[in-house]
1. Within the stretch 73-86, can one find any residue that is under 38 Å from the mean Cα position of the chain (by Cα), assigned to a helix (DSSP H, G or I) and either surrounded by 10 or more Cβ atoms within 10 Å (Cβ to Cβ) or touching a residue at least 60 places away in the same chain (Cβ under 8 Å) (or both)?
2. Within the stretch 24-33, how many residues turn out to be at pLDDT 85 or above and surrounded by 10 or more Cβ atoms within 10 Å (Cβ to Cβ)?
3. Quick test for you: out of 20, 45, pick the one residue that is out of contact with any helix residue (DSSP H, G or I) (no Cβ under 8 Å at 6 or more places or on another chain) and either surrounded by 10 or more Cβ atoms within 10 Å (Cβ to Cβ) or at pLDDT 90 or above (or both).
4. As an exercise: evaluate residue 63 against (1) modelled with pLDDT of 90 or more; (2) more than 27 Å from the chain's Cα centre (by Cα) and give the number of the one condition it does not meet.
């Protein structure tokens, strides 16, 4: 009556390996490799976050400097009204 669910298509050139759950160890090398690996990943992500925060702060500082420079330039281009008070 047709094919079973696992045999619906014939797939070639793909090799899969599996291990029985009864042969696997639940926590192999948990303390010797697991905890140092977690520490390495956390510290590397902290370093990356510090680098991103540093870049963000530098970009904000550059933007503030640029906008301040533009406002000072615009103020410098204006005429001083006190110079023209006595003109008729």
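The values are calculated or read from the model by the stated rules, or taken from the named source; none is laboratory data. The structure presented is a predicted model; accordingly, all values stated were derived computationally and were not measured. Note: ideal-geometry Cβ built from the backbone for every residue, glycine included; neighbour counts use all protein chains shown.
1. no
2. Within the stretch 24-33, residues that are at pLDDT 85 or above and surrounded by 10 or more Cβ atoms within 10 Å (Cβ to Cβ) number 1.
3. Being out of contact with any helix residue (DSSP H, G or I) (no Cβ under 8 Å at 6 or more places or on another chain) and either surrounded by 10 or more Cβ atoms within 10 Å (Cβ to Cβ) or at pLDDT 90 or above (or both) holds for just one of 20, 45, which is 45.
4. Exception for residue 63: condition (2).
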